[in-house]
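Below you'll find the structure, written out as structure tokens, and then a few comments.
The values are calculated or read from the model by the stated rules, or taken from the named source; none is laboratory data. No experiment lies behind these values; they were computed from the predicted model shown. All Cβ positions, even for glycine, are placed from backbone atoms using ideal geometry, and neighbour counts span all protein chains on display.
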Amino acid sequence: MGDTDEDVPTLTSVDAGNPGAKKPAFVVCPGGGYAGLAPHEGLPVAEWLESLGIRGFVLKYRLGPRYHHPAMLTDVERAIRTVRANAQTFAVDPTRVGVIGFSAGGHLASTVSTHGRPGNPQSSDPIDRASSRPDASVLIYPVVTMRSPYTHEFSREMLLGKNPDPKLIDSLSNERMVSLDTPPTFICHGANDSVVPIENSLNYALALASHHVPFETYIPEHGEHGFGMGATGSMQDWRQLCQGWLRGRGFIG
């Protein structure tokens, strides 16, 4: 890893005050095809979470084509572990740490949801002693699969390179990696998304159902890719439904 801005992952906290109160937390993974980070899927999302009483942490993860897997997964795992390991400093409840991702950031969120690992209690690094498995996952128009015909080809190339190993494609097709340990999940994806096919979310939901993992889906009929949080009152505004789901999961008091 180098020392330029693109080489160094960062985690930016948005604190709306009341630092002494322990809150749930979410790590936010913006989309951008694994080649950039969409601003409207970062800080505004963290600010919305803060308005609900959830601490928001925006992750700037490493990107292609300079970096490939597992750099991005390493970054989000480290982010979740950092939040948990510093729970007292951040005034966070370490048992309620979720992840939210959009588009390619949704792939990253579903990857850590299916590949997250327990901490190593023997590690000399206190951060590595914390688990990287999120307690809840929110996926908004996510890339989920790396397999054709439903993958987003550009995201796959940025993540895995031009000629990836078929075994790597399969292992990062996260609908195939769902298990009983996958966290409860909220999914929103426009039915007419012309960039990332709806099958990404539908197949992930089917996998969750087959493993009896709690989930909720919202599929607006008209929801072209990249709508972010959606305009208030629009069909693409999934926030109220997600807020109700988060309350039901114990993330909102």
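This table checks each residue for (1) in contact (Cβ under 8 Å) with a residue 12 or more places away in the chain; (2) farther than 30 Å from Lys22 by Cα.
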| position | (1), (2) |
| --- | --- |
| Asp181 | yes, no |
| Asn192 | yes, yes |
| Asn200 | yes, yes |
| Tyr204 | yes, yes |
| Ser210 | yes, yes |
| Met235 | yes, yes |
| Arg247 | no, no |
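Every condition in (1) out of contact with any Pro (no Cβ under 8 Å at 6 or more places or on another chain); (2) at positive phi; (3) modelled with pLDDT under 95 holds for Ala91 except the one numbered (1).
Table: residues versus (1) under 27 Å from Asp237 (Cβ atoms); (2) without any contact (Cβ under 8 Å) to a residue 60 or more places away in the chain; (3) surrounded by fewer than 23 Cβ atoms within 10 Å (Cβ to Cβ).
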| site | (1), (2), (3) |
| --- | --- |
| His68 | no, no, yes |
| Met72 | no, no, no |
| Arg78 | no, no, yes |
| Asn86 | no, yes, yes |
| Gly101 | yes, no, no |
| Ala104 | yes, no, no |
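From (1) part of a loop (DSSP other than H, G, I, E, B); (2) modelled with pLDDT of 95 or more, pick out the condition that doesn't hold for Arg96. Result: Arg96 fails condition (1) only.
If you go through the range 155-179 and pick out every residue that is of a type in the set (Val, Ile, Thr) and either touching a Ser or Thr at 6+ places or on another chain (Cβ under 7 Å) or touching a residue at least 24 places away in the same chain (Cβ under 8 Å) (or both), you end up with 1. Kindly evaluate Phe26 against the criterion of being surrounded by 15 or more Cβ atoms within 10 Å (Cβ to Cβ), within 18 Å of the chain's Cα centre (by Cα) and among the aromatic types (Phe, Trp, Tyr). Criteria met by Phe26. The criterion of at least 2 residues that are farther than 16 Å from Val112 by Cα and either of a type in the set (Lys, Arg) or at pLDDT below 95 (or both) is met, among strands (runs of 3 or more DSSP E) falling completely within the range 1-88, by 10-14. Assess whether Val45 counts as being β-branched (Val, Ile, Thr), surrounded by 18 or more Cβ atoms within 10 Å (Cβ to Cβ), closer than 13 Å to Val83 by Cβ and out of contact with any Leu (no Cβ under 6 Å at 6 or more places or on another chain). Criteria not met by Val45. Residues of the range 53-63 include at least one that is within 17 Å of Gly250 (Cα to Cα), of a type outside the set (Val, Ile, Thr) and surrounded by fewer than 18 Cβ atoms within 10 Å (Cβ to Cβ).
For the criterion of being more than 18 Å from Ser155 (Cβ to Cβ), buried (at least 22 other Cβ atoms within 10 Å of the Cβ), out of contact with any helix residue (DSSP H, G or I) (no Cβ under 9 Å at 6 or more places or on another chain) and touching a residue at least 24 places away in the same chain (Cβ under 8 Å), Ala21 fails.
Of all residues in the range 139-154, those that are on the phi > 0 side of the Ramachandran plot have Cβ atoms under 7 Å from Cβ atoms of residues that are of a type outside the set (A, V, I, L, M, F, W, C), 6 or more apart or on another chain, in Tyr141/Ser103; Tyr141/Gly106; Tyr141/His189; Tyr141/Gly190; Tyr141/Asp193; Tyr141/His225.
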